[in-house]
Structures are given as C-alpha cells and as structure tokens.
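What follows is a single structure, written as structure tokens, with notes after it.
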Amino acid sequence: MLLYLHGFESSPESLKIIQTREFMNSHQASLPAAVNQAIQLLAPQQPSRMAAIRQMLDEVIATQPLTAVMGSSLGGFWTHYVVSQLHKRGRTEIRGVLINPAVQPYNWMPEETVDRVHPYTQEAYQLDASDRQVLIEAEQCFVADVELLVLLQAGDERLDYRLARDYYRDRRMVVEQGGDHSFADFPRYLPAALEFLHVL
C-alpha cells in the first residue's frame with residue numbers, strides 16, 4: 001500500500017494524487033495477471049489541526065500494511081515522519097518521496113489563535129501555538145538515515161525551495177529550475193519516483 005499525504009488545506013482530490021492513481025492503475029492494468037501485485041493507493045483526507053493529523057498518521061502506521069509513502073508540501077514533512085516511525089518499528093525497507101516539501105513548518109504556525117476555514121472541507125477551525133508544538137515534536141522524531149527522494153522546483157511560489165535543498169542536502173534529490181508549488185508536469189517523475197519506492 002502506497003500512502004500519499006496531501007499538503008496543507010488540500011484534499012485527496014489534488015491533481016498529483018489523481019495523476020498518481022491514474023498512472024498506477026494504467027501500469028498495473030498492463031501487467032500480466034500472474035505478476036500484478038495490485039498496489040493500493042491510500043490518500044486520506046487529513047484533519048485540519050496538527051495534533052489530529054499526527055494521531056491519524058499514528059493510527060495508519062499501526063493498522064495499514066504500508067509499503068511506501070509519498071507526500072507534497074506539508075505532506076512531505078509528514079512523509080518523513082511516517083517513514084521514520086516505520087523505520088523505528090523495524091520497517092527499514094520503507095522509503096519516502098517528498099515533493100516540494102515543507103521544512104520546519106512550525107515556523108508558519110501562529111503564536112496566537114487564528115480562525116481559518118478549510119477551502120475543500122469548509123470546516124471552520126483554529127490554529128494556535130499548540131499546532132506549532134506538535135510539529136516541533138514530530139520533527140524530533142525524524143530518523144536521519146531513512147531513504148528519501150526529494151523533488152524540488154525552484155519556481156515554488158509558496159515555499160523557498162532552498163530551505164528543502166539545504167535541509168535534505170545529503171539525500172537523493174532533483175532540483176529543477178522554474179516550475180511552481182504544485183510541481184509542474186509531475187507525471188514525468190512518477191515512473192522514477194515509484195521505482196525508487198519499489199512500487200513498480
């Protein structure tokens with residue numbers, strides 16, 4: 001099972017998740033029945049609050065037969081967390097792909113309570129200093145030697161790609177000039193990303 005984690009205030013209907021699902025379905029349909037491993041894609045709607053996201057992911061880690069993890073933006077941060085937690089459970093073969101990942105996202109979190117409305121679920125919720133603390137504690141759980149592939153586009157208009165480039169400088173990495181936060185023309189990298197994850 002491949003776990004895909006969408007970004008902040010996004011949804012399982014994000015374009016990259018749709019593209020990943022379509023690519024996997026197409027690839028698996030082309031395989032002989034005898035070798036078709038039928039890898040499933042799990043792309044849950046994440047809660048709005050950081051503590052709820054971490055709780056949900058801990059439940060997924062404990063209950064789902066994960067074989068790989070992929071995530072974009074804040075989902076990239078949580079991908080590193082999930083792969084680290086699996087590594088601590090002895091699942092050292094699990095790898096992650098991070099797409100324009102958020103680095104140290106606790107720096108975005110407000111010191112005071114802020115009211116927000118999720119653009120996809122329409123949920124009214126709040127962010128505050130406790131969300132910042134959850135992200136700090138999650139980062140402290142990162143394992144240094146997990147296998148990660150980091151995909152960056154320098155034209156990311158929301159996140160400074162240099163933060164991820166420097167933070168993950170010792171990992172396998174692709175840095176493209178241009179592009180945007182959504183990672184333009186993402187399907188070009190799906191074969192290589194899924195092969196890295198041992199999904200193909």
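The values are calculated or read from the model by the stated rules, or taken from the named source; none is laboratory data. As the structure is a computational prediction, the values presented were derived from the model and not from experiment. With ideal geometry, Cβ positions are generated from the backbone for all residues, glycine too; neighbour counts draw on all protein chains shown. Ligands, DNA and RNA are stripped out before the accessible areas are found, and what is left, the full protein with its side chains, is counted by its heavy atoms. Shrake-Rupley method; radii C 1.70, N 1.55, O 1.52, S 1.80 Å.
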Carbon plus sulfur fraction of accessible area for the stretch 69-168, probe 1.4 Å, in percent: 43 percent
Interchain or long-range residues, amide H under 5 Å from A68's placed H: L3
How far, in nm, would the chain grow between T113 and D160 when pulled straight, counting 0.36 nm per residue and subtracting the alpha carbon separation? 14.4 nm
For the stretch 76-200, accessible area per residue (1.4 Å probe, heavy atoms of protein chains only), Å²: 50 Å²
Alpha carbon centroid spacing (whole Å) that separates the stretch 75-97 from the stretch 141-200: 15 Å
Could you run the Karplus curve 6.51 cos²θ - 1.76 cosθ + 1.60 with θ = phi - 60° over the stretch 188-199 and give me ³J(HN,Hα) per residue in whole Hz, x for Gly and Pro? 4, 9, 4, x, 5, 5, 6, 5, 4, 7, 6, 7
What value, in deg cm²/dmol to 500, does the helix sum -39500 (n - 2.57) over DSSP H runs of n ≥ 4 give at 222 nm once divided by the residues of the chain? -10500 deg cm²/dmol
Exposure ranking of D180, D170 by accessible area [1.4 Å probe, largest first]: D170, D180
Residues other than S130 with Cβ under 14 Å of its Cβ, Lys/Arg counted +1 and Asp/Glu -1, net out at -2
How much net charge surrounds Q153 when only other residues with a Cβ under 9 Å from its Cβ are counted (Lys, Arg +1; Asp, Glu -1)? -3
Can you tell me what share of the DSSP beta bridges in the chain is antiparallel? A percent to the nearest 5 is fine. 15 percent
Trypsin sites (Lys or Arg not before Pro) restricted to the stretch 122-173 and DSSP loop, no more than 10 other C-beta within 10 Å: R169
